[in-house]
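Notes to accompany the following structure.
The values are calculated or read from the model by the stated rules, or taken from the named source; none is laboratory data. Computed from a predicted structure; not experimentally measured. We place every Cβ from the backbone using ideal geometry, glycine too, and count neighbours over all the protein chains shown.
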Amino acid sequence: MKVSVIVPVYNGELYLDACLNSLLRQTLDEYEIICVDDGSSDRSLEILEKYQKLFSEKLRVLSQENRGAWRARETGIQVAQGTYVGFCDCDDTVSADMLEIMYGRAVQTKADMVVCAYDRISGKKRGRKQPEMTVFGGCTYRLPEKRDILPVVNTGLWNKLIRRKILSRHITFEKPPRVAEDMMFLLSIYPFVKRISFVKKPLYQYYIRSASSFSHVSQWELSMHRKQMEQVRDYVLASGGPSWPDIISQFAMIHFGLSLILRLDFKSVDQKQILQDTTDWLDKNFPGWKRNPYLKLSYVLRRHHYLWKPAVVRMVFQRGLVTPFIRMYRLVSEKLGVEIKW
């Protein structure tokens with residue numbers, strides 16, 4: 001088997017047909033689709049079983065009680081037979097030649113990970129299409145020598161093909177994170193990736209749903225996820241050595257300094273205290289976040305202008321402007337009806 005594609009499914013009945021049909025029309029031979037229903041309460045499992053009967057030689061369905069996307073992916077990884085493994089969210093679609101192109105690139109370049117560009121599709125009628133991750137063209141890089149590219153790589157698992165033996169070395173948690181899980185998963189395997197290759201053609205269609213559909217994070221969850229990020233830090237440093245702190249601190253600052261903060265319900269928490277706690281936590285556990293070389297203005301302008309948004313976030317934190325920044329973000333997000341990615 002060349003490629004296994006794992007699809008975690010939770011209450012995806014509205015989008016499953018489009019997703020599965022796009023995966024079933026792939027031009028690559030010798031690939032499998034592993035769908036893991038994560039205790040859906042809608043018709044998702046019924047739809048999956050219908051497809052399994054029709055395409056039993058290509059598609060397998062596994063079912064588990066609701067344990068989250070992380071556990072669903074682990075379940076799929078355990079039974080995957082492909083040399084490489086990819087992921088697809090159940091509410092997205094892929095181009096018919098996605099697996100053929102990405103697998104071909106992996107073989108050609110002997111890459112441990114292949115990353116393709118994708119179309120971010122938004123708007124009320126899903127008519128607004130924005131290609132992303134095209135900045136690297138068709139380049140191939142060696143790691144860890146060129147690890148400075150990693151802050152620019154999107155942290156979703158869904159536009160990547162990863163060698164299965166490397167994928168199986170991801171960090172494990174007694175209770176996996178519910179948000180920022182893709183970032184923690186991906187960061188934990190980067191030290192084992194020796195070569196990463198890119199495909200400039202957008203091959204994945206990532207649909208932006210309504211901003212109201214994004215899950216909120218409680219103050220208790222935020223505290224738990226911080227501890228998990230500390231575990232990821234220790235795991236990466238133990239696996240990759242002392243060359244990784246700047247990468248780790250950049251990931252921590254973006255996801256915990258802003259992304260998770262934006263998901264808090266500020267009506268029920270002390271906003272000022274949360275922001276102070278966040279700054280204290282970053283100072284203590286990721287002390288390089290303020291001096292991160294990948295977010296310096298000179299670096300962003302000279303090397304990777306795609307990092308301008310996280311660079312702005314760091315500046316906002318350093319100058320104590322987080323509260324008005326969050327208010328502005330929420331106003332813009334509500335007007336546009338989408339969650340802005342940082």
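Taken as a whole, the stretch 69-81 holds no residue that is buried (at least 18 other Cβ atoms within 10 Å of the Cβ), of a type outside the set (A, V, I, L, M, F, W, C) and not in a helix (DSSP H, G or I). Screening the stretch 100-200 for strands (runs of 3 or more DSSP E) wholly inside it with 1 or more residues that are in the same structural domain as GLU74 (by TED's automatic domain parsing) and among the hydrophobic types (A, V, I, L, M, F, W, C) returns the ranges 113-122, 160-163. Identify the residue in the stretch 68-103 that is among the hydroxyl-bearing types (Ser, Thr, Tyr) and in contact with a Lys or Arg (Cβ under 7 Å, 6 or more places away or on another chain) and, among all such residues, is farthest from ARG169 (Cα to Cα). Restricting to residues being among the hydroxyl-bearing types (Ser, Thr, Tyr) and in contact with a Lys or Arg (Cβ under 7 Å, 6 or more places away or on another chain), the top hit is TYR103.
Residues in the stretch 1-41 that are under 13 Å from ASP92 (Cα atoms), more than 19 Å from the chain's Cα centre (by Cα) and of a type outside the set (A, V, I, L, M, F, W, C): GLU13, TYR15, ASP17, ASN21, SER22. Against the test of being in the same structural domain as LYS165 (by TED's automatic domain parsing) and within 24 Å of TYR103 (Cβ to Cβ), the options ILE34, ILE47 yield a single qualifying residue, ILE34. Residue check: is GLU57 of a type outside the set (S, T, N, Q), assigned by TED's automatic domain parsing to the domain that holds SER95 and part of a loop (DSSP other than H, G, I, E, B)? Answer is yes for this residue. Residues that are hydrophobic (A, V, I, L, M, F, W, C), crowded, with 21+ Cβ neighbours inside 10 Å and not in a loop (DSSP other than H, G, I, E, B): does the stretch 87-96 have at least one? Checked the stretch 87-96: at least one residue is hydrophobic (A, V, I, L, M, F, W, C), crowded, with 21+ Cβ neighbours inside 10 Å and not in a loop (DSSP other than H, G, I, E, B).
If the condition is being closer than 18 Å to PHE185 by Cα, surrounded by fewer than 19 Cβ atoms within 10 Å (Cβ to Cβ) and among the aliphatic types (A, V, I, L, M), then the stretch 225-281 contributes LEU237, ALA238.
Residue count for the stretch 321-342 satisfying the condition of being closer than 16 Å to GLY257 by Cβ, modelled with pLDDT under 70 and of a type in the set (A, V, I, L, M): 1. The single condition from (1) over 17 Å from the mean Cα position of the chain (by Cα); (2) over 16 Å from GLN250 (Cα atoms) that ARG147 fails is (2).
Checked against the criterion of being among the hydroxyl-bearing types (Ser, Thr, Tyr), in the same structural domain as TRP220 (by TED's automatic domain parsing) and modelled with pLDDT of 80 or more, the candidates SER239, SER268 yield just one match: SER239.
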